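Data block below; observations after.
Read-outs: derived from the displayed coordinates by stated rules, not from any lab. Only a predicted model underlies this, so the values are computations on that prediction, with no experimental measurement involved. FYI the Cβ positions are ideal-geometry reconstructions off the backbone, even for glycines, and counts take in every protein chain you see.
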There are 2 protein chains.
Amino acid sequence: MDNSLQFLENGSVTSVPGMKAAGVTAGFKKSGAPDFALVFSETPANFTGVFTSCTFAAAPVLLDREKVLRGGFLRAFAINSGNANACTGETGLANARRSCEIAAKALGISADEVAVASTGRIGVQMPMELIERGIALAVPALSHDGGAAASRAIMTTDTLPKAAAVQITLGGKKITIGAMTKGAGMIDPKLTAPHATMLCCIATDVKAENAVLAEMLQPCAEDSFNRITVDGDMSTNDTVILMANGVSGYELKRNTPEFEQFRAALLAVMQDLARRMVMDGEGSTKFVTVKVIHAASRADAKLAAEAVGNSLLCKTAWFGNDPNWGRVVAALGYSGALLDPDKCDVYFDDTAVVRNGGDAGVPESDLVPIVSKSAFVITCDLRDGDASHRVWTSDISHEYVNINADYHT
Amino acid sequence: MDNSLQFLENGSVTSVPGMKAAGVTAGFKKSGAPDFALVFSETPANFTGVFTSCTFAAAPVLLDREKVLRGGFLRAFAINSGNANACTGETGLANARRSCEIAAKALGISADEVAVASTGRIGVQMPMELIERGIALAVPALSHDGGAAASRAIMTTDTLPKAAAVQITLGGKKITIGAMTKGAGMIDPKLTAPHATMLCCIATDVKAENAVLAEMLQPCAEDSFNRITVDGDMSTNDTVILMANGVSGYELKRNTPEFEQFRAALLAVMQDLARRMVMDGEGSTKFVTVKVIHAASRADAKLAAEAVGNSLLCKTAWFGNDPNWGRVVAALGYSGALLDPDKCDVYFDDTAVVRNGGDAGVPESDLVPIVSKSAFVITCDLRDGDASHRVWTSDISHEYVNINADYHT
């Protein structure tokens, strides 16, 4: 039995047996690019989800949360790009419900079995004729190799589609986890169980109760999407849906080695996608890992890492290949984390730049090559405890300003 | 008796009788621009100060805090621009002390009577020969009209010097408050009593005990500098020093109408300077007032206003003249403030753009002219209580990225 975890080449949601998908052009995007995705499970799938913790949660988020709480099975997940259906009130909610009904009718399933997600402009009512067109085009286009097309259809300011799949062997059975995600801006998800605009659809062919899936998804979200930031702005629409169609015949149960194996595989897929979201963050030219180690508590480590990861001065310095560690320690200092400034060490990759809260004496000319790389790690050693936290972040460039000073989908 | 408050034309610290100042070129700035300021009180001045709450407080902050706590009198305030003396450890602290001694000797006063402040690059030891040169040049240059020169010498990325003075009449005596400040980036001060890199020197000719000054300064800082943000990055060096030289012969006492009159005048000067800091924020093209009203509590109002004021997506939209209110409500939603999304109204100036959490129906073409102005107000009415908060903020432009992707003073 091969216990190793393998990423599949060109993996996607449809790498999972029993899953179909399609990506079509419904007309939400002026560019004419694909903007409507449909993912379909040939068999009823157990499911769960985690969603934005923004108070202004979008209509599809409100609806999907209800479905997660109610339980049961999911067959389809319909996603449009170009309109967020957020801040649209009762009409927006009715439109989200109507989308489920239209999809259900076209697929011959129940509306309860359809989840929806939207991304795009906030505060504009959904043009329902485009939803109708999307569904009418997507249903006949559903196919066992439609995962790639679906992952392109959910893009907004993304420059690349993001899909992945891994395989592991559990109980002698080959198990696949396939997923797709989008998101390049308004990215600082804080996903919480039924209560991040990143959208993610994950499918797998294990069989597992909804509660088992929920127990799995939240900590994996915590260690993947909840640890990324592009601009520090949490979205109204962040949604991750996990579907388990049971097609493999293998049933996943709690408190088993296989549970942990599966969780590791799920986390691997989610982290892979999370990393790619940051790399493809709006205008991003650098992938920066901020690690805080030896903090007094997990909360302190998180405060410190998130302050550095979201610091506009740090992010613009990185864009400029400027190894200005003063901005890193300033962010640590205002983070609210408990720390002794005289004990802090800071490393750029393996090079100590700060020792005991002061200059470690490495000439700037030695540091510029590190921060000029497309990916580097900043480690802040607080030397005060054993808690740690890691954040994946990007730089802020002129292109970021270009994109966001004039974003009208 | 004229009770009105009057701003003086070309007001500065030296508008205050008994105050001298100078601004000279010591050599900290490669550009050769003035970079060393000295403010001098001809008589011993009562004083107080408020400082950054960053854990990595710079050496001059540590030293000035000590002086504020110890009490006594202040005669001189020496400020250099081009080196922050932050994260410089014991050597940095010794250098800050040495600066006080050099200035004291040159002025014929005690080192205890000298406060120091620094702004510029973090983590570089202070070139003491430049401090010596600065003092040697500044002392003979001290004059009763040196306030303007001093305000220029403390600039870093500021494009304009910032000085102001007001006069009021208290007990039949004309009282002057004069001040200068600098700060265009790393601006999100959270000044706290003896515990923002904005620097501010305020002088007045009332007589008042240090404790009376302290009671006055903290709430005024709270309502001025603590309500501004440029980039959300708090500095290691933020320092505000208030000196009261008593030259007017009028003594200010607690629990008097004059105390409130003086506080209003002090607040007026500090707010004037705070507004100018935001207008001159790095790369700033817009001055945006974010008001949150009818919040359940002051804390909720503050969370909500600060989230909008620091949102990178809001700030880039403003730069682009984009009336995308979805970004405003998203920020309200992730702020952590208690609010009912279905009750929120949002106004751009006097135009309602959001009613009950949704689009108020005003065409975008009517909103673009508002957000294209150099100054506008965003009011978020949470309709949930009677607490409110206001933040002054700027947009984020290409010039901001230019400045901060390559800032080496």
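Counting only other chain Cβ atoms within 10 Å of each residue's Cβ, the peptide A:335-342 averages 3. Antiparallel beta bridges, as assigned by DSSP with both residues in the range A:287-405, represent about 70 percent of the total such bridges. For the range B:214-269, the list of trypsin sites (Lys or Arg not before Pro) that fall in a loop by DSSP and count at most 16 other C-beta atoms within 10 angstrom reads B:253, B:254.
Can you work out the base-10 log of I(q)/I(0) for the range A:105-254 at q = 0.16 1/Å, using the Debye formula on its C-alpha atoms alone? The computed values of log10 I(q)/I(0) come out as -1.06. For the protein assembly as shown, the antiparallel share of DSSP beta bridges with both residues in that region comes to about 70%.
Built from the Cα atoms of the range B:131-175, the convex hull projects on average onto 4.7 nm², one quarter of its surface area.
In chain B, the calculated helix contribution to ellipticity at 222 nm averages -10500 deg cm²/dmol per residue, counting -39,500 (n - 2.57) for every DSSP H run with n ≥ 4. Sequence-ordered 3J(HN,Hα) estimates for the range B:338-345 from the Karplus curve with 6.51, -1.76 and 1.60 and θ = phi - 60° stand at 6, 7, 9, x, 6, 10, 6, 10 Hz, glycine and proline given as x. Secondary structure note: in the range A:6-279, about 70% of the DSSP beta bridges are antiparallel. Calculated on the Cα set of the range B:287-405, radius of gyration then Dmax: 13.6, 42 Å. Per the Cα gyration tensor, the range A:214-322 maps to an equivalent ellipsoid with semi-axes of 31, 17, 12 Å, ordered largest to smallest.
Checking every one of the chymotrypsin sites (Phe, Trp or Tyr not before Pro) in the range A:1-64 against DSSP loop status and a limit of 12 other Cβ atoms within 10 Å picks out no site at all. For peptide B:354-361, the mean count of partner chain Cβ atoms within 10 Å of a residue's Cβ comes to 4. In the frame of its principal axes, the range A:5-60 has Cα extents of 36, 32, 24 Å, reported largest first.
Estimate the FRET efficiency between residue B:174 and residue B:94 by the formula 1/(1 + (r/R0)^6), using the beta-carbon distance for r and 30 Å for R0, to the nearest 0.05. Computed FRET efficiency for residue B:174 and residue B:94 comes out at 0.10.
Peptide A:309-320 has a mean of 6 when you count, residue by residue, the C-beta atoms of other protein chains within 10 Å of its C-beta. Cα extents for the range A:88-161 along the principal axes, largest to smallest and rounded to whole angstrom: 36, 33, 19. Kirkwood analysis of the Cα pair distances in the protein assembly as shown returns a hydrodynamic radius of 28.0 Å.
Centroid-to-centroid, using Cα positions, the range A:335-409 and the range B:38-110 are 30 Å apart. If every alpha-carbon in chain A counts as one equal scatterer, what log10 I(q)/I(0) does Debye give at q = 0.09, 0.13 1/Å? Ignoring solvent entirely, the Cα scatterers give -0.54, -1.04.
Coupling constants for the range B:147-158 follow from the phi torsions by the Karplus curve (6.51 cos²θ - 1.76 cosθ + 1.60, θ = phi - 60°), and in residue order they are x, 5, 5, 4, 5, 6, 6, 8, 5, 10, 8, 4 Hz; glycine and proline get x. Phi-derived couplings, Karplus 6.51 cos²θ - 1.76 cosθ + 1.60 at θ = phi - 60°, listed residue by residue for the range A:28-34: 5, 8, 4, 5, x, 6, x Hz, with x used for Gly and Pro. Just so you know, the averaged projected area of the alpha carbon convex hull for the range A:35-115 sits at 5.2 nm².
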